[in-house]
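Report on the structure given below.
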2 protein chains.
Amino acid sequence: MIGRPLSALKQRAAVEAGQTTPARLLAKAGEAIAALDGELKAFVALAPDASVAAAARAEGPLAGIALGVKDIYDTADMPTQYGSTLYRGHRPAADASLVAMARAKGAAILGKTATTEFASIDPAETVNPHDVARTPGGSSSGSAAAVAAGLVAGAFGTQTAGSIVRPAAFCGVAGYKPSFRLLPTIGVKCFSWSLDTAGLFAASVADVAFLAAAITGRELAVAPLADASGLRIGLYRSALDARLEPEMAAAREEAGRLLESAGASLVDVEEPEALSAALAAQPDVQDFEAAHALFHERMVGEAQLKPGVAAILRRGATITPQAYDAARSLARRGRKAATALFGDLDALLLPSAFGVAPLGLASTGDAAMSRVWTLAGTPGVNVPGFAASNGMPLGLSIVTRFGRDREALLVADLLERLAARR
Amino acid sequence: MIGRPLSALKQRAAVEAGQTTPARLLAKAGEAIAALDGELKAFVALAPDASVAAAARAEGPLAGIALGVKDIYDTADMPTQYGSTLYRGHRPAADASLVAMARAKGAAILGKTATTEFASIDPAETVNPHDVARTPGGSSSGSAAAVAAGLVAGAFGTQTAGSIVRPAAFCGVAGYKPSFRLLPTIGVKCFSWSLDTAGLFAASVADVAFLAAAITGRELAVAPLADASGLRIGLYRSALDARLEPEMAAAREEAGRLLESAGASLVDVEEPEALSAALAAQPDVQDFEAAHALFHERMVGEAQLKPGVAAILRRGATITPQAYDAARSLARRGRKAATALFGDLDALLLPSAFGVAPLGLASTGDAAMSRVWTLAGTPGVNVPGFAASNGMPLGLSIVTRFGRDREALLVADLLERLAARR
């Protein structure tokens with residue numbers, strides 16, 4: 001294991017209690033990056049000294065909190081290369097909205113984290129801190145790994161299919177994919193404008209809720225649930241379950257039992273037909289939009305693109321507007337079906353991935369378990385604290401109705417605490 | 001009058017018939033800009049010679065078609081300054097998607113057109129080609145004026161409230177605001193992510209449909225309607241009608257009679273309560289999003305902003321997430337009410353503005369007539385060809401159900417032809 005996660009909430013409490021200072025916290029984060037990132041390869045650029053010094057003097061609820069930022073978010077004080085040789089040395093004129101919002105609350109942006117090219121599927125160099133022979137997941141590879149190794153207390157990522165929930169699961173940290181557009185994506189390189197969703201990583205669910213609340217001013221981090229009484233939780237079953245690793249299937253059942261023993265009623269929920277259809281339509285939505293979002297890059301530099309993203313863009317360019325419209329229509333129906341699913345349910349419980357982080361660095365793993373929920377725009381939280389017999393993390397997801405982000409974070413936080421108490 | 005509009009369709013036909021060449025068309029456009037733009041002030045940057053030379057050799061359906069691009073669209077070969085001193089000399093790394101898409105079809109991007117700062121309300125320097133003492137409208141001021149004066153055959157604009165339809169009306173050209181997100185906004189500076197809509201200006205409705213079809217590959221420019229038989233057209237009435245200039249009210253009635261005499265049935269349509277409520281909520285959606293989209297700019301350069309946009313951003317920063325969510329919820333209900341409105345109607349007919357372009361350059365005029373339709377995401381087309389007794393253009397709008405862009409263009413084209421035949 002490379003490093004271990006650091007709690008943003010505990011850091012905040014220590015600053016408030018006068019036990020440490022923002023400057024000391026940032027110095028320690030810098031030391032951890034210097035010591036560990038040579039092996040982890042989570043960062044692709046580090047903040048200039050002047051930015052760190054300014055952040056050490058900053059005030060606000062996030063003073064002293066070190067953040068990593070996926071390198072598809074623009075930063076005015078650091079290169080922003082989108083994981084692509086097409087943007088070598090590129091330096092944006094402005095910070096992405098979320099970067100500016102975090103700085104305004106006192107946070108220190110310590111560096112840019114590794115991303116697959118344009119947040120697509122070709123792996124970055126980052127390794128999994130739990131086992132350097134395994135992928136950290138992607139596309140937010142560096143953000144998940146940096147938080148898991150404690151190089152930073154939090155990190156920004158994005159999810160178009162499964163790029164927050166999956167790396168959070170593989171690296172054993174909390175990953176929060178908010179309701180679509182709850183966090184602004186302005187200044188974040190676009191892959192698919194109707195799917196790209198900005199989100200956050202932190203050590204625990206309570207930490208990620210604290211960061212999201214501080215950055216947005218939303219009431220996301222309120223009184224934790226004492227127990228699960230009165231909650232109706234759906235155990236979501238779909239055709240994809242056939243591909244679950246046995247230990248992941250068992251972890252889901254165990255998580256269900258933990259919630260049940262805390263007072264929740266469990267209901268088996270079968271995937272509605274409209275959601276299966278939406279999932280099947282997802283690639284046409286994503287790839288058509290990617291081919292248009294990256295039209296300039298296709299025109300000027302297709303030969304320089306990595307093979308995975310190049311193939312997606314080539315396919316996207318063959319999708320007709322009519323086929324795209326039909327896929328969007330299925331996606332809309334899927335969103336309605338997702339809303340209907342929550343008619344008498346508070347939350348769904350489902351695996352964040354098929355199992356532990358796969359061996360090898362040639363793939364970032366499979367986004368299949370998350371893809372339909374990103375399309376649905378529903379909030380989802382990866383809950384850390386479960387593990388396979390080989391010690392690798394197993395991630396479970398709590399998903400709620402669109403707009404019910406606080407509820408997703410509360411149930412996920414409860415499940416994490418129940419798992420810790422076992 | 002400065003110049004007169006040029007038909008993209010006629011230019012295309014002349015190229016196909018061998019009567020001219022793309023190079024000659026572009027040379028003439030360059031001459032027109034050199035001769036007229038000193039007074040018109042539609043352009044803020046012109047394409048480098050190398051770009052024009054490359055475009056003169058380009059192939060495709062838009063070869064020889066000169067376009068202007070609102071200066072909130074990124075261009076890799078020209079400065080992109082968003083109408084703001086904060087971005088003096090700024091040069092993006094990539095073309096906006098629509099710029100790249102138009103170039104790929106052979107179009108020549110001849111320059112960047114004047115915009116209000118960040119496409120907000122502080123006027124640019126452009127004058128109205130019909131009367132230099134009057135505003136061309138905004139925020140797409142330069143695009144509308146450049147097309148009206150025939151400096152280019154088409155131009156890109158954006159509309160967050162009324163920034164395509166209004167300047168098109170004031171300058172007497174066709175303006176097409178598509179269904180929300182039909183045209184990608186990637187690489188276009190964001191003001192409000194749930195409202196900003198990319199669109200086009202051209203001499204006539206048929207011209208703008210031709211350009212949109214060529215750029216997107218959509219079937220938007222198909223066989224024109226022979227008459228209006230079978231069409232049910234709603235004459236939209238709202239509380240805003242009390243502010244219509246008498247000649248605009250008369251133009252609406254005349255347009256209705258023209259469609260009726262061509263076979264349409266006319267129905268009076270009162271504004272549904274849900275749309276009035278959505279209109280009232282619009283500023284909270286727009287201003288909250290603007291304050292977040294331009295968070296970096298507020299942090300680093302608020303003192304440099306022009307007073308109108310500065311006031312909007314200051315107000316936006318005071319809107320709570322709860323108030324924003326409530327406004328979005330009203331907007332969603334408004335969108336549903338707009339869809340319901342088209343249950344038994346093919347299109348709505350309404351004024352594009354309260355009247356002719358107002359005297360003076362201190363304001364770009366009032367966006368009120370368009371604002372709710374941008375919020376609703378419905379396609380809208382400004383139909384040129386009507387005029388007040390002082391010779392200034394009066395614009396009428398055809399609005400259809402979300403996704404029915406072709407129908408909006410077909411009805412607008414018919415109305416334009418009926419008006420020309422009077």
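All of the numbers you see were taken from the coordinates with simple rules; none came from a lab. As the structure is a prediction and not an experimental result, all values here were calculated from the model. Here the Cβ is made from the backbone with ideal geometry for all residues, glycine too, and neighbour counts use every protein chain on show.
Annotations for the structure displayed:
- Across B:24, B:335, B:252, mean-square fluctuation computed from a Gaussian network of chain B (C-alpha pairs under 10 Å connected) peaks at B:24.
- Debye, to nearest 20: dipole size of chain A, +1 on Lys, Arg Cβ, -1 on Asp, Glu Cβ: 500
- Beta bridge orientation in the stretch A:1-146: antiparallel %, DSSP, nearest 5: 45
- Expressed as a whole percent, the proportion of Cα-Cα pairs in the stretch A:8-216 lying more than 22 Å apart is 40%.
- Normalised alpha carbon radius of gyration of the stretch A:258-297 [divisor 2.2 N^0.38 Å]: 2.09
- Note on chain A: helix-only mean residue ellipticity at 222 nm, from DSSP H runs of 4+ residues weighted -39500 (n - 2.57) and normalised by residue number, equals -13000 deg cm²/dmol.
- Taking the centroid of alpha carbons for each part, the stretch B:346-395 and the stretch A:340-361 are 50 Å apart.
- Top positive-direction residue, dipole computed over the protein assembly as shown with Cβ charges, set A:34, B:240, B:58: A:34
- Sorted largest first, the spans of the alpha carbon positions of the stretch A:42-118 along the three principal axes are 37, 24, 21 Å.
- 7 Å along Cα→Cβ, label-point gaps from residue B:59 to other copies, nm, shortest first: 6.6
- Beta bridges by DSSP in the protein assembly as shown, antiparallel share as percent, to the nearest 5: 60
- Nearest-first distances (nm) between copies at residue B:10, label 7 Å from Cα via Cβ: 7.6
- The charge dipole of the protein assembly as shown, taken about its Cα centre with unit charges on the Cβ of Lys, Arg, Asp and Glu (plus for the first two, minus for the last two), comes to roughly 360 debye.
- Tail weight of P(r) past 17 Å, computed on alpha-carbon pairs of the stretch B:326-368, percent: 59
- Options B:180, B:158, B:195, ranked by Cα towards positive dipole end of the stretch B:119-204, top entry (Cβ charges): B:180
- Beta bridges per DSSP with both ends in the stretch A:62-213, % antiparallel, nearest 5: 60
- Whether the protein assembly as shown is rounded, prolate or oblate, judged on the alpha carbon gyration tensor where a/c under 1.5 counts as rounded: prolate
- Taking amide H atoms as placed 1.01 Å from N in the peptide plane, the amide H of residue A:135 lies under 5 Å from those of A:360, each 5 or more residues away in sequence or on another chain.
- Chain A: relative contact order in percent, alpha carbon pairs under 8 Å with at least 6 residues between: 19
- For the stretch B:212-296, the C-alpha radius of gyration divided by 2.2 N^0.38 Å, with N the number of residues, is 1.57.
- Lysines whose Cα lies under 19 Å from that of residue B:28, excluding same-chain neighbours fewer than 8 positions away: B:10, B:41, B:112
- Nm distances between copies for residue A:48, ranked from closest, using label points 7 Å along Cα→Cβ: 2.5
- Rule-of-thumb Rg ratio for the stretch B:348-422 [Cα; 2.2 N^0.38 Å; N residues]: 1.16
- The residue list B:259, B:326, B:20 was ranked by how far each Cα lies along the charge dipole of chain B toward its positive end, using unit charges on Cβ atoms, and B:20 comes out on top.
- Where the alpha-carbon atoms of the stretch B:162-282 are placed on the principal axes, they occupy 41, 39, 27 Å, in descending order.
- Here the convex hull built on the C-alpha positions of the stretch A:298-422 has a volume of 140 cubic angstrom per residue.
- On the principal axes of its alpha carbon atoms, chain B extends 54, 54, 39 Å, with the longest extent given first.
- Taking every residue in A:90-98 and counting other chain Cβ atoms within 10 Å of its Cβ, the average works out to 5.
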